[in-house]
Each structure stands twice: as structure tokens, then as C-alpha cells.
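A quick write-up on the structure given underneath.
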Amino acid sequence: MLRKEKLERIVSEKGCGLRMNRSIQVEGSFGEIKQDMGFRRFLSKIKRNVLSESILLAMAHNINKLHNKIKSDRTETHLFSLKKSA
């Protein structure tokens, strides 16, 4: 029963859109971090340090994206329309 409900959610129009959007956003970010930033492996094996290093990488990636948006004057554009808060 639960399996059938999950399958219906996955194959629905909304589910397909969410899966497609996720694959575009997530895989692209990892690709950019690996290729453009030259990141191949963490410097430490301690969990706390790996977390710190991954947060720094994510921050650097986001700052780089913002810099590129500002540089090309695309700060007012969004991939999807923003939801209006009530």
C-alpha cells in the first residue's frame, strides 16, 4: 500500500518536476566544485574537520555564483518564480 502511494507521488507531474530540478541543481554543483575549483579529496579524515571543509567549499561555491551573477547583471533573475509570503 505504502509502496503504491510512493510510486504514484514519484510518477506524478509534480514528482517528475522535483526529480528533474534536483538532478540539475545538485549534480551541477558537485561538477563545478570538482572541475572548476579543482577539489578532489578532503584534507582531513576527522568528521568535524570534513564538515568544516565542506561548509567552506559550499560557501566558496555560492560566493562564486553570486560574483558571476553580479558581473553579468543577472541579480534580479530567478530559475523559478518566487512564492509570495502571506
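Do we find that residue 38 is over 13 Å from the mean Cα position of the chain (by Cα) and on the phi > 0 side of the Ramachandran plot in this structure?
Judged against the criteria, residue 38 is a match.
Condition check: loosely packed, with under 10 Cβ neighbours inside 10 Å and either over 30 Å from residue 7 (Cβ atoms) or modelled with pLDDT of 90 or more (or both). Does residue 47 satisfy that? Write out each step before concluding.
On the way: loosely packed, with under 10 Cβ neighbours inside 10 Å: yes; either over 30 Å from residue 7 (Cβ atoms) or modelled with pLDDT of 90 or more (or both): yes.
Taking the combined requirement at face value, the residue satisfies it.
Is it true that some residue in region 70-78 is surrounded by 11 or more Cβ atoms within 10 Å (Cβ to Cβ) and at pLDDT below 90?
Scanning region 70-78, I find no residue that is surrounded by 11 or more Cβ atoms within 10 Å (Cβ to Cβ) and at pLDDT below 90, so the answer is no.
The values are calculated or read from the model by the stated rules, or taken from the named source; none is laboratory data. Bear in mind that the values here come from a model prediction, so they are computed numbers and not experimental data. Note that we place each Cβ from the backbone using ideal geometry, even for glycine, and neighbour counts take in every protein chain shown.
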